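Data block below; observations after.
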Amino acid sequence: MAEPGTVLEISVAEALRVSGERRIIDVREPVEWNEGHIPEATLVPLADLAGRIEEVVPDKATPILVHCAVGARSRRAALYLSQVGYTDVVNIQGRLAEWKALGGAWEVPTPLLSEAERRRYSRQVLIPEIGQEGQRRLLDSRVLLIGAGGLGSPAALYLAAVGLPPAAEAVPRLAELAAAAGCQALVCSPLEVAAVRTLLGEAAELICPGVRPAAGPEGRPSIHGAHPPGGAPAQREQMRRRYLADPLAHDQARVATPAAAMEAGASWIVVGRPVTGAADVAAAASAIRDQALAAGRARRPHSGTTP
């Protein structure tokens, strides 16, 4: 046992002899670990040591062997472990390359991520609970979102950000699975409804939220007069004026006009705030209905909307 404030250090050859009797902690960075590591070691980067070591090694009497690439970082780690109460900590003072040269067990993991994926998700793979294995599982995952509007839309964005397939790829596949399970009506974005319609045919009922009237320049969707549900009258008026001042402003990023949604293949469209927030609710609803019906008749004779 080393004296307080000191670190017991051994050579690489000595470490090979005692490695089977000790818990091996690798304090290098994940990128170094992925280039090769001792199979029995546990990766705890030096920056994460204080927050993770008691979870990884809860018993402070456990014999521990700490190493890095050359012995400098692991010496700091061993000193910290001794200071926080671990009673049997040894640092490998030497190059890790010598471990391999002397015949020590060595493992080079199969890359789980492509170079592009490693760059894109570089911050996430540093999170101990995720790592490359967790990121690979995220990329291979499939999620079906049920619901529309303010909760479903941002959830989809966050899921895509962590590595789930983009909507253009995932939505048709998920729609096909839902149809195979017996679903006869599906909710989908107006930006994917054409692909889903082509896949499932005319019999499927497709419901599209995110529909905004074409009141902005160049026929782009806008949300004139929108307001947060249940807001105070002053808040509603403030929101209405803001949207009137900016005809391109809207509360969802993935939107289409009633005509565009119906022409793409929607059976039904969901329109809320552009109607409820309008100065003339009846006129706004009628205008949207007329746009949808005209486009629906042009595409399919039995398309329609409810009053």
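Considering only the other residues whose Cβ falls under 14 Å of the Cβ of Ala185, what net charge follows from Lys and Arg at +1 and Asp and Glu at -1?
-1
Give me the one-decimal nm value for the distance between modelled label points at Leu102 and Glu21, 7 Å along each residue's Cα-to-Cβ direction.
Modelled inter-label distance: 1.5 nm.
Give, in nm to one decimal, the length gained when the segment between Arg123 and Leu79 is fully stretched (0.36 nm per residue of separation minus the Cα-Cα distance).
Full-extension gain reported as 13.0 nm.
Val171: net charge of surrounding residues, Cβ under 14 Å, Lys/Arg +1, Asp/Glu -1, itself excluded?
Around Val171, the charge tally is +1.
Could you check the spin-label model distance between Glu133 and Ala13? Points 7 Å from the Cα along Cα→Cβ, value in nm.
About 3.5 nm, to one decimal.
Once you put a point 7 Å from the Cα of Ile207 and another 7 Å from the Cα of Val56, both along the Cβ direction, what distance in nm separates them?
Once both label points are built, they end up 4.9 nm from each other.
Hey, got a sec? Which trypsin sites (Lys or Arg not before Pro) in the stretch 88-150 land in a DSSP loop and have at most 15 other Cβ atoms within 10 Å? Present the calculation step by step, with values, prior to reporting the outcome.
On the way: sites: Arg95, Lys100, Arg118, Arg119, Arg120, Arg123, Arg136, Arg137, Arg142; in loops: Arg95, Arg123, Arg142.
Answer by residue number: Arg95, Arg123, Arg142.
Every number here is computed from the coordinates shown, using simple stated rules; none is lab data. Every value quoted in this text rests on a predicted model; they were computed, and no experiment measured them. Reconstructed Cβ throughout: ideal geometry from the backbone, glycine too, with neighbour counts over all protein chains shown.
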